[in-house]
Amino acid sequence: MSETRYSIMFAGEVLPDFSLDTVKANLASLFKSDLDKIEALFSGQSVPLKRNLESAEADKYMAALQRAGAKVSKQSEGLQLSLVATDDHPDDNVAAPPPTEAATSSTRMTCPKCAHEQAKAAECEACGIIIEKYLARQAQLQEEAASIQASITSTSPATEPEAPVSASPYAPPQANVAEQLPEFGELKPFGVTGRIGRLRYLAWSLVLILVMAPALGIAALGMGISDTVGIILIAGVTLAMVVVSVQIGVQRLHDIGWSGWLYLLNLVPVVGSVFPLLMLLIPGNAGANRYGPPQPPNSTAVKVLASLWLVILALVVIAAIAGGVGMLDSQEGDMGLSDMDTESSYAEPAEAAAPAAAYEYSEE
C-alpha cells in the first residue's frame with residue numbers, strides 16, 4: 001500500500017502577528033518571484049502551494065510558510081470515493097426526478113463564482129459580480145500562474161518527478177524552504193559569535209597568555225624611551241588582551257547555552273571567583289542551540305595546549321611547596337641564632353665575675 005501524500009493549501013489568509021504586505025514580501029522572497037505575481041495567490045480561493053509530499057516534508061513546508069506569515073494547512077491527497085448516484089451509474093432503487101424547468105430552460109444560467117441559478121443576466125443577483133469581468137479576471141490569473149510556474153522552475157532544479165499540473169491557476173513552489181544548518185559551526189577567535197568547548201577555551205586562553213607576555217615585555221621597553229610612550233604601549237597591549245579574553249569567554253558561554261552578558265558576573269565580588277570555574281566545568285550542548293551548531297571536533301593541537309595547563313598547575317604547586325619549606329627553614333635558622341645570642345649574653349657576666357673573685361683572693 002502506497003504511503004499517503006499531502007498537499008499544502010493556501011487561501012490567501014495571513015497569521016495574526018503579520019501584516020498583509022509583510023507576508024506578500026516574504027512569499028516573494030521565498031518563491032524567488034515578483035511581488036506583482038504573488039498578488040495572484042491572495043484571491044481568496046484555496047489553492048495548493050505544494051503537492052505530492054510525504055508527511056515530514058509537508059510539515060517542513062508548513063513551518064517555513066508559517067514563519068513567512070502565511071496561514072496554510074496540510075491536506076491528504078487520498079482518493080475520495082463516493083457512493084452517490086451519477087448519470088453514468090444511476091441508483092436503480094431511486095426513481096429519477098422529473099425534469100425541472102431550470103434544467104430544461106435555455107434562458108437560465110449559473111453564476112461561475114457562487115453557483116447561484118438565475119435567469120440569464122450580465123450581473124449575478126446573489127453575489128453582485130459582473131460575469132464577463134469575472135471570467136476575464138480568471139483568465140488573467142491563469143496567465144500569471146503560468147508565468148510564476150516558469151520562473152520557479154527556472155530558478156529551482158527539479159529533484160523529483162512532479163505530478164501533472166492540474167487546472168488550478170497556481171503552481172506549487174519549487175524552492176527548498178526547509179532550514180539547513182551546517183553540521184559544525186565556524187571558529188572565530190576574534191568575535192562574539194559562535195561556540196567553543198572547554199578544551200578549546202583552555203587552549204585559546206593559553207595561546208593568548210603566551211602571545212601577550214612577550215608583547216607586554218616589549219611594551220615595557222618603551223619606558224626607556226619615555227614614560228608616556230611606555231604607559232601608552234602597556235595600556236594598548238592590556239586592552240587588546242582583555243578584549244580577546246572577553247570574546248572567547250562569550251563563545252564559551254554560548255556553547256553552554258547561556259547569554260554572553262553573563263560574562264559580566266566575573267566583575268561581581270565573590271561570584272567572580274566562582275564563575276570562571278563554572279565556565280571550565282560545565283559541558284556544552286551536544287547539538288545545535290540558539291547560538292548555532294556545535295564546534296568542530298578538537299584537533300591534536302587543541303588537546304596538547306589544553307594539557308599544558310596541567311603542567312603549569314603542577315609547577316605552581318611545586319613552587320608553592322618549595323617556597324613554604326624555604327620559609328620554614330629560614331624561620332628555624334632565625335630562631336637558632338636568637339637562642340645562641342641569649343646564651344652568650346648569660347655567659348659573659350659569669351666570665352667577668354670569675355677574674356674579680358680571683359683578684360680578691362690574691363690580696364688576702
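Bear in mind these aren't lab numbers, they're just calculated from the coordinates by the rules spelled out. Keep in mind that what you see is a predicted model, and the values were worked out from it rather than measured. As a convention, Cβ positions derive from the backbone with ideal geometry for all residues, glycine included, and neighbour counts pool all protein chains shown.
Computed values, structure above
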| item | result |
| --- | --- |
| Inter-label distance, nm, simple model (7 Å from Cα along the C-beta direction), Leu135/Ala301 | 7.6 |
| Average Cα contact separation per residue, segment 198-298, under 8 Å, 6 or more apart, as relative contact order % | 25 |
| Set of lysines near Lys32 by C-alpha distance (under 20 Å), chain-local residues within fewer than 8 positions excluded | Lys24, Lys50, Lys60, Lys71 |
| Relative packing of 295-304, 42-51, which averages over residues the other C-beta atoms within 10 Å, highest first | 42-51, 295-304 |
| Computed lengthening from Ser226 to Asn289, 0.36 nm per intervening residue step minus Cα-Cα distance | 17.6 nm |
| Peptides 185-195, 263-273, 10-20 ordered by average Cβ neighbours within 10 Å, highest first | 185-195, 10-20, 263-273 |
| Sites Val271 and Gln118, calculated FRET efficiency, Cβ-Cβ separation with R0 56 Å, nearest 0.05 | 0.10 |
| Cα convex hull volume per residue for segment 198-298 (Å³) | 110 |
